[in-house]
Structure formats: structure tokens, C-alpha cells
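The values are calculated or read from the model by the stated rules, or taken from the named source; none is laboratory data. Model, not experiment: these values are computed from the prediction. FYI the Cβ positions are ideal-geometry reconstructions off the backbone, even for glycines, and counts take in every protein chain you see.
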Amino acid sequence: MARIERENGRVEWRQEKARQAALDASGILDTGPEPIFDAITRLAADYFKADTVLLGFADASRVWIKSYWGEPVQELPRKGSIFERVLAEDGPVVVTNINDDAELRVRRLPLRRLDALSFASAPVRGGDGRILGNLTVFCSQPRRPMATTEMHMLESLAEIAAGQVELRRMRAAGSGAQERAQEPETGDWPSRAELRQALERKQFVLYYQPEIELATRRIVGLEALIRWQHPERGLIAPLEFIPAAEETGLILPIGDWGLSEACHQIMQWHAEEAGGMVPRVCVNLSARQFTRQGLADHVEALLRQTGVASAQLGLEMTESSLVPDPGTALEVLVSLRRLGVSLLMDDFGTGYSSLNHLHALPFDVLKIDRSFVTRMTEGEQPLQIVRTIVELARAMGMEVVAEGIETSEQGAMLRQLGCRYGQGFLYSRPVPAETVSAMLRLPGRVLPEAADVPGWEWRGAFSKTE
């Protein structure tokens, strides 16, 4: 196969789109364990005397580990991964000593138990020759250069895996699954192709809304919120494209992009020396992101690659994402808690079994839904709901953040109820990263109420329906 065309150091978008289509047609992702793939990793481990063997397949943002031997890994971020190297070389990659490779030495490979590493990785190709994944063997000690016979063995094992993928594709095509997976021409906007193109062409951006201490208006955190910078339609709010991303399945790579972008932005703020410790940045997880068992592996690898301290990252999820499978939800939350990241329940009070979830799941922060905050001034009942949530959180040792604060009256009532933190248009709308940089340079990082400073640039440009 000819080397993949590259544009500005990246895989050219049309080539990557075709690769993704071949991957989708195989149906290899989001499927359970299969003995044949486990046999391949076990054979590779025996032959190479390896400490860890990973067989993975890469979508737009992750390398899904289909089978492992040794170190238990379920998924890794694609950016900066060994898969990216294999794709760029259009063939095998061998590193006999990680200490001789400056990039890998800085990044560190996301394996927990291995210190000094050598590795070899061979591509797993689809029937059309496109690289869909890779088979990688890791050793805990630097080793001599790989002999020709050894490389042939690794490539042969990768070819066996490729043969199984092609069989899956043929079965899917025969049963009509391939036709069902193709996007119907409904005329709805945005289409799957448009969303994928936006992702590949880096049209998505993150805006950040400050979370403040109500008593002082000091910035204590930031919530990352996605926007689409469309070349023709301008800046698009998430309600216009996130539902389509959910329906098409692209919410996973888009959501993972947002998580990666937020981590890299944290490090950029650190580099700017913006007046001390960077506030915690919270990223919203979709239900599909949250319920996959490899999420903790992905987050841990991302933290290690970017150098972000776990305490500086928060993950927000809604109650609705917990309802379908509470058992998996608990398992995922516990694994994330072990990493040290903050866990926030968003839109608290709007679900069906809030108290049950609150007692059973290890959240650190409750975010009071804006609908309760907005109605606080309308009567005693809405006010009592907010008071109950605040007291409940206090009894359980949790923080509370009130969302959607738009008036000074609402802010004052929340302070009287004992709510310490909040966010809303009264203080700032979601703003670009460079505006946050200016905010972090304010004395004491204290924001004036937006109503006090008419025309302030970071009041934003979106309606209150965001």
C-alpha cells in the first residue's frame, strides 16, 4: 500500500475518512472478548518473552484494546500513540530503548508497571490495505535490535488478526449490517460526514464558564463547553449539533477530543504562569462516554501524557447517564475516583432517583440545576428544594455549585442558604480560553458582576438558552 498522504503533518482528511469507514464496516469496536484475539496476544507474549502485548484498533480519538496479555489496558488516547507512529510509517515500528527516543521519554508510555521499555509494533490492515489497528509487544528491559525472523513473526501474527477482521467485515456485509450502518440521506443537518469533517479539520473549540465563590466572586473552577466554529454558519451552540452527534455515534470521538483539549489547555495556562495554581477544569461526559469500561484507562493515560495533576480535572455527568446501568456506573466512578479526579453530578434534582444515586455513588460535587435556581424567587417551594439540596450535600460532605445564576437577588439567596459556589451569566458567560487567561490575571481572580460592568467583553455572545 502506498504511504498515506499527509497535510501539515497530519493524516489527510479524506484518507482518514476512508480508514474510518473500513473500520466501521468491520464491526470490530465495542464488542466483547473473542478467543482468537486472546490467542494471538498470548502467542506473541510467549514468542517474544514480552511483559505486555496489546492488540488495538483506532477510531478518531482512541485506540480500543481488543485483547491484552499482561498489563490490563482497555483503551488509550490515539494522539501521540504508537498507533500514530505505525500509521505515519505505513508499517512496523521498533524502539529498542525508550531512553533513546526523546518524544517517548517525555510522554512516557501509559503502562503502569513497566519502567524501562522496548517495543515493536506491526500494523493490522483491513481488506483494502488500510491500517485499522496494531499489534504491539512491550518488554521491561531494552533489547537488541529485532531480527528479521522476529519481525516476520510479529507481522504474521498481525496478519492473522487482520484476517479475522476481514472475516467479520464479510459476515457483516452478508447479513446486511454494512448497509444499515451507512448514513441515510435525510437532509438533516448536521450529517455524520459533516461532524466527522469538523472533527478532523479542528473546527470544534472549547469555551469556559467560570465557577466562582459566591461570597467573594473569586474564580475557583471552570466548566469546559464545546462550540462549533463553522466556516459558513459561524459559532454554533452545542444544542444544534450534540443531538446529531449522539445519534450518529460521533459523540465518543468528539467528547474525547474535548477531554484532551481541556487537559492541554490546563497545561497552557500553567505555562503562562497566570497568577498561581490553575483552577479545576470540569468536562462534561456524554452517557456513551461515561458507560464504557475503558474510560478510566483513557483518562489516566491522558493525564500522564499531558502532565496534568488529577486534582485539576473534574468530570461531570448527568443523572440520566447513570440510570440505564447503575452497576457499570458505580464501577466506572470508583475507577475514576482512584485516579483522584473530581466527580460532579450535573443537573442534580432532575432525575428519577436522585437520593438513591447520591447515597450509592462516590460524587464529590452536586450541581443544582438552573431550573431550580431560576424559580427560587417565585415562592417558598422552589426555595425549599434548593435549601434541601444544599443541606443534603453538606451532611454528606459534598460541595454544591448552583448553575444559572442571572440576578444579584439569586446570588444573595444562595449565599443565605449556605451555597458557597455558583456560575451563571451574572458573573460570566462561556468565554474563549484567551479571555480566561485575562480573567486569571485579575487581582485575586475576583470577577465583578457582569451587570456592574456594561459592555465587558467576556459577557459573551450567546443567548441564555445555552
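Which residue out of Asp30, Asp46, Asp24 is among the acidic types (Asp, Glu), assigned by TED's automatic domain parsing to the domain that holds Val86, surrounded by fewer than 21 Cβ atoms within 10 Å (Cβ to Cβ) and at pLDDT 90 or above? It is Asp46.
Taking first residues from region 136-153 that are among the aromatic types (Phe, Trp, Tyr) and partners that are modelled with pLDDT of 90 or more, the Cβ contacts under 7 Å between residues at least 6 apart in sequence or on separate chains come to Phe138/Ala50; Phe138/Asp51; Phe138/Thr52; Phe138/Phe119.
Would you call Leu259 at pLDDT 90 or above and in the same structural domain as Gly424 (by TED's automatic domain parsing)? So Leu259 passes the test. Restricting to region 60-76, count the residues that are charged (D, E, K, R) and surrounded by fewer than 22 Cβ atoms within 10 Å (Cβ to Cβ). Final tally of qualifying residues: 1. In region 4-19, the qualifying residues are those that are at pLDDT 80 or above and touching an Asp or Glu at 6+ places or on another chain (Cβ under 7 Å), and the one that is farthest from Val299 (Cα to Cα) is Gln15. Quick one: Tyr208 ticks every box in (1) at pLDDT 95 or above; (2) assigned by TED's automatic domain parsing to the domain that holds Arg78 except a single one, so which number is it? Going through (1) at pLDDT 95 or above; (2) assigned by TED's automatic domain parsing to the domain that holds Arg78 one by one, Tyr208 breaks only (2). For Leu214, the requirement of being surrounded by 18 or more Cβ atoms within 10 Å (Cβ to Cβ), modelled with pLDDT of 85 or more, over 29 Å from the mean Cα position of the chain (by Cα) and not assigned by TED's automatic domain parsing to the domain that holds Asn99 is met.
Does Ser286 count as at pLDDT 90 or above and among the small types (Gly, Ala, Ser)? It is false that Ser286 is at pLDDT 90 or above and among the small types (Gly, Ala, Ser). When only residues in region 365-387 that are within 18 Å of Gly424 (Cα to Cα) and of a type in the set (S, T, N, Q) count, which is surrounded by the most Cβ atoms within 10 Å (Cβ to Cβ)? The selected residue is Thr374. Where the second residue is among the polar types (S, T, N, Q) and in a helix (DSSP H, G or I) and the first is in the same structural domain as Asp369 (by TED's automatic domain parsing) and lies in region 408-422, which pairs have Cβ atoms under 9 Å and are six or more apart or on separate chains? Once the first residue is in the same structural domain as Asp369 (by TED's automatic domain parsing) and sits in region 408-422, its partners that are among the polar types (S, T, N, Q) and in a helix (DSSP H, G or I) give Glu409/Thr377; Gln410/Thr374; Gln410/Thr377; Met413/Thr377; Gly422/Gln410. Scanning region 115-130 for residues that are surrounded by fewer than 24 Cβ atoms within 10 Å (Cβ to Cβ) and more than 18 Å from Val73 (Cβ to Cβ) yields Ala116, Arg125, Gly126, Gly127, Asp128, Gly129, Arg130. Against the list (1) modelled with pLDDT under 90; (2) of a type in the set (Asp, Glu); (3) touching a helix residue (DSSP H, G or I) at 6+ places or on another chain (Cβ under 6 Å), the condition Glu403 fails is (1). With Arg304, Arg288 as the choices, which residue is touching a Pro at 6+ places or on another chain (Cβ under 8 Å) and either at positive phi or of a type in the set (Lys, Arg) (or both)? Only one candidate passes the filter, namely Arg304. Within region 83-93, the set of residues being buried (at least 22 other Cβ atoms within 10 Å of the Cβ) and closer than 21 Å to Leu199 by Cα comprises Phe83, Leu87.
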